[in-house]
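A short write-up of the structure that comes next.
The values are calculated or read from the model by the stated rules, or taken from the named source; none is laboratory data. Note that the structure is predicted; figures quoted are calculated from it, not measured. A quick note on method: Cβ atoms are made from the backbone with ideal geometry, for glycine too, and the neighbour counts reach across all protein chains shown. When the accessible area is computed, the model is the full protein with side chains, heavy atoms only, and any ligands, DNA or RNA have been set aside. Shrake-Rupley method; radii C 1.70, N 1.55, O 1.52, S 1.80 Å.
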Amino acid sequence: MYPARFEYTAASTLEEVIATLSERGDEAKVLAGGQSLIPLMKLRFATPEVLVDLNGVPGLDYLEERGGELCIGALVRHKTCEKSELLRSRYPTLGDAAPQISDPLVRNRGTVCGSLAHGDPQGDWGAVMLATRASVVARGPEGERTISIDDLLDGPFTTTLSPDEVITEARVPDPGARSGGTYLKLERKVGDYATAAVAVQVTLDNGSVGEVGIALTGVGPTNLRAAAAEDALRGGEPSEAAIAEAARLAAEAAQPQSDIRGTADYKRSVVRVFTERGLRTAVARATGEE
Ligand SMILES: Cc1cc2nc3c(=O)[nH]c(=O)nc-3n(C[C@H](O)[C@H](O)[C@H](O)COP(=O)(O)OP(=O)(O)OC[C@H]3O[C@@H](n4cnc5c(N)ncnc54)[C@H](O)[C@@H]3O)c2cc1C
């Protein structure tokens, strides 16, 4: 199917993007990688009157550490993350997730920030950013604000961004020494969205769990933080019993629905098993055993 008729504007500055968004409000949409927006327009689930193309705005394609954070510019593609040695070595939750997003065609064009702005509960980056306690920088006519990922994700395909705001950057705090993480995803075939997936990150403090992040994909109306599982682990030893209890609590936090990818019970069980495996890997990486 063809999309409904729309105007197309190729912006060359962020100011132009914001001006068009302010002028046209809900009628306008930012175009980044187009990997979610264009299919929705072709299905006529989205019928924006104007697309503001971000791809010609210089200075948004950077993936670098700055001031104790990993900064991911709005035009950083999944492919750049997949190939990044920095992510593999220092941000393994991100490094493990990137190659599992769809297929090479989607990874070549789709952006991390576009994925977060889209708010798809099946999106992989949302869970990764929850586990790593990331935030996004949004710029609008009133200036810039930083939004924690917990506050950004509001519901299925819904975020707390205003229609006139654009995400310019995602920021992931440096997890520090003695940290580890991973992303485990079950998909029916390569390129599919997750049946269920789990992102974890652990930082050890004198042998105990200092900070911990556990988040889920595809088992709720948004990516979900397994807060009770995190609380159960924090401050204690990462023993097998503690990991098993955290995995049980993560499965309890899941709100899966039965669909073509599996039954709710099956997905909950995947969450439990993946949380357990993910935490073991994270701890092994944090202690340098892997
Ligand atoms: C076949 C297929 C399989 C896929 N499988 C997966 C998968 O397994 N896992 C996964 O996570 N994703 C998957 N995706 C989605 C893919 O990752 C998209 O790239 C991503 O969801 C959106 O990023 P984008 O840059 O393409 O955004 P676009 O499609 O350009 O935009 C998506 C939405 O976000 C808004 N937007 C984009 N950038 C910004 C910004 N900087 N500021 C404000 N708003 C913005 C747009 O206006 C639009 O509403 C798949 C897509 C396809 C087509």
Filter result (under 11 Å from A250 (Cα atoms) and under 14 Å from the mean Cα position of the chain (by Cα)) within segment 214-233: I214, A215, L216, L224, R225
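So which residues in segment 149-189 are farther than 25 Å from R285 by Cα and among the basic types (K, R), if there are any at all? Please lay out each step first, then the result.
Going residue by residue through segment 149-189, those that are farther than 25 Å from R285 by Cα are 150-169, 188-189.
Those that are farther than 25 Å from R285 by Cα and among the basic types (K, R): R188, K189.
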Unmet criterion (only one of (1) in contact (Cβ under 8 Å) with a residue 40 or more places away in the chain; (2) of a type outside the set (F, W, Y); (3) open to solvent by less than 60 Å² (accessible area, probe 1.4 Å)) for T20: (1)
Extreme residue, most open to solvent (accessible area, probe 1.4 Å), among residues of segment 242-281 that are more than 20 Å from L130 (Cβ to Cβ) and aliphatic (A, V, I, L, M): I260
G143 at positive phi and either open to solvent by less than 30 Å² (accessible area, probe 1.4 Å) or free of Cβ contacts under 8 Å to residues at least 12 places away in the same chain (or both): yes
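For segment 232-241, give me the residue count where each residue is open to solvent by 10 Å² or more (accessible area, probe 1.4 Å) and touching a residue at least 12 places away in the same chain (Cβ under 8 Å). It would help to see each step written out before you state the result.
Applying the first criterion (open to solvent by 10 Å² or more (accessible area, probe 1.4 Å)) to segment 232-241 yields 232, 234-241.
Subset that is touching a residue at least 12 places away in the same chain (Cβ under 8 Å): 232, 234-238.
Summing the residues that are open to solvent by 10 Å² or more (accessible area, probe 1.4 Å) and touching a residue at least 12 places away in the same chain (Cβ under 8 Å) in segment 232-241 gives 6.
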Pairs, first farther than 17 Å from P156 by Cα in segment 247-268, second open to solvent by 30 Å² or more (accessible area, probe 1.4 Å) and of a type in the set (D, E), C-beta under 8 Å, six or more apart: A247/E276
Pairs, first touching a residue at least 60 places away in the same chain (Cβ under 8 Å) in segment 175-191, second loosely packed, with under 14 Cβ neighbours inside 10 Å, C-beta under 7 Å, six or more apart: V190/D103; G191/D103
Residue check for T132: polar (S, T, N, Q), buried (at least 22 other Cβ atoms within 10 Å of the Cβ), in contact (Cβ under 8 Å) with a residue 12 or more places away in the chain and within 13 Å of the ligand (Cβ to nearest atom): no
Residue identified as farther than 20 Å from Q100 by Cα and crowded, with 16+ Cβ neighbours inside 10 Å among A194, A229: A229
Enumeration of residues in segment 81-123 that are surrounded by fewer than 22 Cβ atoms within 10 Å (Cβ to Cβ), in contact with a His (Cβ under 9 Å, 6 or more places away or on another chain) and under 22 Å from G180 (Cα atoms): P99
Test set (1) closer than 16 Å to T217 by Cβ; (2) under 13 Å from the mean Cα position of the chain (by Cα); (3) more than 7 Å from the ligand (Cβ to nearest atom) - H118 fails condition number: (3)
Boolean, L63 is within 8 Å of the ligand (Cβ to nearest atom) and open to solvent by less than 60 Å² (accessible area, probe 1.4 Å): no
Complete set of residues in segment 164-198 that are at positive phi, more than 9 Å from the ligand (Cβ to nearest atom) and at pLDDT below 95: G176
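Across segment 27-46, what is the total count of residues that are outside any helix (DSSP H, G or I) and either within 12 Å of the ligand (Cβ to nearest atom) or in contact with a Cys (Cβ under 6 Å, 6 or more places away or on another chain) (or both)? Spell out the reasoning first.
Quick first cut of segment 27-46, residues outside any helix (DSSP H, G or I) only: 28-36, 43-46.
Then drop every residue that is not either within 12 Å of the ligand (Cβ to nearest atom) or in contact with a Cys (Cβ under 6 Å, 6 or more places away or on another chain) (or both), which leaves 28-36, 43, 45-46.
Adding up the residues that qualify gives 12.
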